[in-house]
1. Can you run phi through the Karplus equation (6.51, -1.76, 1.60; θ = phi - 60°) for segment 9-18 and list ³J(HN,Hα) in whole Hz, with x for Gly and Pro?
2. On the protein heavy atoms, probe 1.4 angstrom, tell me the percent of accessible surface of the chain carried by carbon and sulfur.
3. What's the magnitude of the charge dipole for the chain around its Cα centre, counting Lys and Arg as +1 and Asp and Glu as -1 at the beta-carbon? Answer in Debye, nearest 20.
4. Helix-derived [θ] at 222 nm for the chain: sum -39500 (n - 2.57) over DSSP H runs of at least 4, divide by residue count, nearest 500?
5. Among [x] 1.10; [y] 1.01; [z] 1.33, only one was calculated for this model; which label is it, if the read-out is Rg/Rh (Cα atoms, Kirkwood Rh)?
6. Please build a GNM for the chain, connecting alpha carbons under 10 Å apart, and tell me which residue among Ala67, Ala96, Ala53 fluctuates the most.
7. What are the residues whose amide H is under 5 Å from the amide H of Arg13, where those residues sit 5 or more places off or on another chain and H is modelled from the backbone?
8. Rounded to whole Hz and in sequence order, give me ³J(HN,Hα) for segment 56-72 from the Karplus expression 6.51 cos²θ - 1.76 cosθ + 1.60, θ = phi - 60°, writing x for Gly and Pro.
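The values are calculated or read from the model by the stated rules, or taken from the named source; none is laboratory data. Bear in mind the structure is a predicted one, so any value in this text is a computation, not a measurement. Cβ placement follows ideal geometry from the backbone for every residue including glycine, while neighbour counts extend to all protein chains displayed. With ligands, DNA and RNA removed, areas are computed over all heavy atoms of the protein, side chains included. Shrake-Rupley method; radii C 1.70, N 1.55, O 1.52, S 1.80 Å.
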Amino acid sequence: MYLRIANNKKTGRTYLSIVESYYDKLAKKSRSKTIQSLGFIDVLEKEFPDPIAHFTKVVEEMKIQVAQENSKIQVLFNPKSQLSIGTNNRKNFGYAAFSSIYHTLEIDKFLINRQR
């Protein structure tokens, strides 16, 4: 992720946008995706004294946030702890998707009618 500074040769204006680069496996080449269009520098200077420095800091903060969201977490447990006797903490939801399809297609009603 970086701050793209694009200069327009005709008008001489400079445009800022936040862009993320990635590798496209299908096309087998590098591509970029615009995350946020910020606007022209001459307009942004009315809001921010130094828009390039300001948005460079914003991009760095976005990088840190993305890194935190994608970081691995550690789960700590005590290997000497034991489960209470008589508790059943196992859950099986593997059938839930098939059960939904089964009842949506009304296969249960078909089989009951067929059985009669």
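1. Per residue, the Karplus-derived 3J(HN,Hα) values read 5, 5, 8, x, 8, 10, 10, 10, 8, 9 Hz.
2. Using a 1.4 Å probe with all protein chains present, the chain comes out at 54 percent carbon and sulfur.
3. About 680 debye.
4. -11000 deg cm²/dmol
5. Label [z] holds the value from this structure.
6. Looking only at Ala67, Ala96, Ala53, the biggest GNM fluctuation is shown by Ala96.
7. Asn8
8. Running phi through 6.51 cos²θ - 1.76 cosθ + 1.60 with θ = phi - 60° gives 5, 5, 4, 5, 4, 5, 5, 4, 5, 5, 5, 5, 5, 5, 9, 6, 7 Hz.
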